[in-house]
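The values are calculated or read from the model by the stated rules, or taken from the named source; none is laboratory data. Everything numeric in this text was worked out from a predicted model, so none of it was measured. Cβ coordinates were reconstructed from backbone atoms using ideal geometry, including for glycine residues, and neighbour counts include every protein chain displayed. Note: accessible area is taken over every heavy atom of the protein model, side chains too, but ligands, DNA and RNA are not part of it. Shrake-Rupley method; radii C 1.70, N 1.55, O 1.52, S 1.80 Å.
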Amino acid sequence: MQMLEQGTMTLGVNYWASHAATRMWSQWDAAVVEQDFVALEKIGCRLLRVFPLWPDFQPVMVLRSNCAKGGYPRGYAFTGERPLPATEAGRAGVDETMMERFETLADLAQKHGMKLIVPLINGHMTFRIYCPPAVDGLDAFTDPESLFWQNRFVRYFVGRMKHHPAILAWELGNESNCLSVADTRAAAWNWAAQISASIRQTDPSRPIFSGMHSLQLHDRQWEPRPNKWLIADQAELCDVLTTHPYQMWRSYVNCDPANTLRWVMLAPTENQLYHDIGGKPSIVEEIGTLRRTFSDFPALGRQLRNILWLLWASDARALLWWCAFDQTGMEFPPYDWDEAGMEHGILTGDLRLNPTGEAIAAFGEFLKRAPVQALPPAAHTAVCILGRDQEHYELVNAVNILARQAGLTLKFAFCEDEIPEAPCYFLPCMKRKGGLNRAAFRELARRVEAGATLCVTLDSDACPVEMAEFFGAEIVSRRKGSSVREYALNLGGTRVKLPLAPAYEFKLASRGAEPLDDSGTFLEFRRGGGRVILAALPLEKRMLEIPGSFQSIPACEFYRYCGAGALAGERLHPECREVLLSEHPASDSLCYAVVTNCSPDAREVALHPAAGWRIADCCSDFPETCLRDEGIFLPGNGGALLTLERV
């Protein structure tokens, strides 16, 4: 089985040497590196992301003469005014001693059965900027001098190392969109296009990974500090997208205790977003947390095991923990700056195993003995359409949690792209017209008339067109909300109460729609062979604002009602909002199901196999996991792979 194939899961880390972190190249010790690799190999790390630090590998400085502003650039040298040799390396400004050290590292990786992802422009690392003296202070994305040296470095490094079997992939750089600020989308695209072209021209045989941090769906002009790096642009220029979903920086996640739904669902949701919008494979390339702030060490290990189950089920293909070793012994910048703590490692600085390392080892052992080596993809049962100017990262987390609780498997789509066919669509927290142009709106209406269901929740500035004709209702008035209201819904006989506090309250008048609650805030309209279901409040945003809401408020029942048609072929459904399940059909008579307890507390839940199906087997990395009658017992944050057979 090849690395990063569909349905597989590769485990690894971001690597800096245990003795020196970012100074590992200047304080090189091959014996320490091999010692590190032995420790990582023992716990099943098969993929390393390693960083040739830019100023170490290209230590170029400018020699200037007089009679010019800032001095006339007369020539170049290595730092310390060492002459550049008249060699290919010298013309690229590359220190051959550093290249020899990298070759040694690659040899050691090969020896210990590890593959390497190699980011190339590593000018940003752990809050600090690292640049060669010749380009320090220049705009890395647009300045010709900086681009000159970047492209020369990339071509030389790739050309020299492309024959090494340990290298799996090249990468543009480590979070290069943090290296500076791109003023325009064009500047961001042009930089990535130049670096990717230099890589492909030199080595067309290997994939290019993105390595970026927090990409956007579209160019958001209104932001005070605009992010011009788009998922679609990176997907155009790279072969594999990369997510860095750190829960600790997300207030809509860390408002709940660690090891609960919001925390464990962030990584699979963000990774799915990148994959669906970009149309390319995506991996979780960095993930970690502040251990001292949010949880103790054992809880962090359980959280990682929970996330690994969810990632495998969503075809994430790889997880690389940040990082290999704790960096508490580093007494130099950036490690002694007043920034986030340095206790991120799966191993301590003296190679003792942390609970996160135990989690990687345990899940890796489970994958070896799992009855299926490549998990079939989960069938997508619904599409979430994202509009312009929404807080996409926040919104998709809420939508995906509710959908997964309801038994639905989502595919994300951007309103300006082609919308995939599906039996059910969600248009959450609709702003203005939901980003849909007239043609897209008509096409969505056609699909509803042909039998699909569309669920729309309204944000406070929604202005849907043809509202009476399409939704069977009209807005009569809008006022600022004042307090929590309890919405009592009747969803096909299932009664649900949702205590929510909308920022604004809409008053609707029915034009053919049937109310689903006493206030008329939730409405259902039959249109042709399908349904349009309207909630005149931003349900998903309100859920995000209430700590513990996804455990305590049954909003997922509304999603389940909307997706009833898509769930007609459902084989299992756990009766617990904290236990998520995805089905992975292998054939007409065989299906796998991944069931995950997204709670720190043990759960025993009924599964109720559909008529004609039985649970034939249960496999887990937690020995206490077991089947009981038609249900399953799962320890806190535990997961299991079920094998379903047709009777």
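Ratio of the range 271-373's C-alpha Rg to 2.2 N^0.38 Å, to two decimals? This ratio for the range 271-373 stands at 1.20.
Take the Cβ atoms of residue 514 and residue 249, set R0 to 41 Å, and the FRET efficiency comes out at 0.45. The angle between the Cα long axis of helix 392-406 and the main principal axis of the chain comes to about 50°, on a 0 to 90 degree scale.
From the backbone phi of the range 320-329, what are the Karplus-calculated ³J(HN,Hα) couplings (6.51 cos²θ - 1.76 cosθ + 1.60, θ = phi - 60°) in whole Hz, Gly and Pro given as x? Taking θ as phi minus 60°, the curve returns 10, 6, 9, 9, 5, 10, 4, 10, 5, x Hz for the range 320-329.
The per residue volume of the convex hull around the alpha-carbon atoms of the range 422-572 is 113 Å³.
For residue 579, the residues 5 or more places off, or on other chains, whose built amide H falls under 5 Å of its own are 598. The modelled label-to-label distance between residue 351 and residue 477, using points 7 Å beyond Cα along the C-beta direction, is 7.4 nm. Can you tell me the FRET efficiency between residue 239 and residue 100 if r is taken as the Cβ-Cβ distance and R0 is 30 Å, rounded to the nearest 0.05? Rounded to the nearest 0.05, the efficiency is 0.55. Compared with the direct C-alpha span, the chain from residue 369 to residue 485 gains 36.7 nm at full extension, assuming 0.36 nm per residue. For the range 1-148, the fraction of 1.4 Å probe accessible surface lying on carbon and sulfur atoms is 48 percent. Using Cα-only point scatterers and the Debye equation, what is log10 of I(q)/I(0) for the range 297-350 at each q in 0.18, 0.28 Å⁻¹, rounded to two decimals? Here the Debye-derived log intensity ratios amount to -0.71, -1.09. Where the alpha-carbon atoms of the range 393-509 are placed on the principal axes, they occupy 39, 32, 32 Å, in descending order. Expressed to the nearest 5 percent, the antiparallel share of DSSP beta bridges inside the chain is 60 percent. For the range 153-210, the pair-distance distribution built from all alpha carbon pairs, in bins 10 Å wide starting at 0, is 22, 51, 23, 4 percent. In the chain the longest region clear of trypsin sites (Lys or Arg not before Pro) that are loop-assigned by DSSP and have at most 12 other C-beta atoms within 10 Å covers 353-647. A Förster radius of 30 Å, combined with the Cβ-Cβ distance separating residue 297 from residue 497, puts the computed FRET efficiency at roughly 0.15.
Among the chymotrypsin sites (Phe, Trp or Tyr not before Pro) in the range 88-131, those placed in a DSSP loop whose Cβ has at most 14 other Cβ atoms within 10 Å are 127.
Pairs of alpha carbons in the chain separated by more than 46 Å make up 22% of all such pairs.
Cross-link pairs exceeding 30 Å in C-alpha to C-alpha distance, out of 111/368; 69/228; 433/507; 431/497, comprise 69/228. Once backbone amide H atoms are built at 1.01 Å from N, residue 457 has 427, 429, 430, 535 as its partners under 5 Å, excluding neighbours fewer than 5 places away on the same chain. Karplus-derived 3J(HN,Hα) values for the range 203-217, using 6.51 cos²θ - 1.76 cosθ + 1.60 with θ = phi - 60°, are 9, x, 8, 10, x, 10, 8, 6, x, 7, 10, 6, 7, 10, 7 Hz; glycine and proline are entered as x. Rolling a 1.4 Å probe over the heavy atoms of the protein chains gives the chain an accessible area of 37 Å² per residue.
The C-alpha radius of gyration of the range 456-530, expressed as a fraction of 2.2 N^0.38 Å, stands at 1.12. Counting 0.36 nm for each residue step from residue 74 to residue 338 and taking away their Cα separation leaves a gain of 91.1 nm. Scanning residues 5 or more positions from residue 76 or on other chains, those with amide H under 5 Å from its amide H are 63, with H placed 1.01 Å from N in the peptide plane.
An ellipsoid equivalent to the range 5-46, defined through the eigenvalues of its Cα gyration tensor, has semi-axes of 25, 12, 7 Å when rounded to whole angstrom and sorted largest first. Looking at the range 1-103, the GluC sites (Glu not before Pro) that sit in a DSSP loop and have at most 11 other Cβ atoms within 10 Å of their own Cβ are 81.
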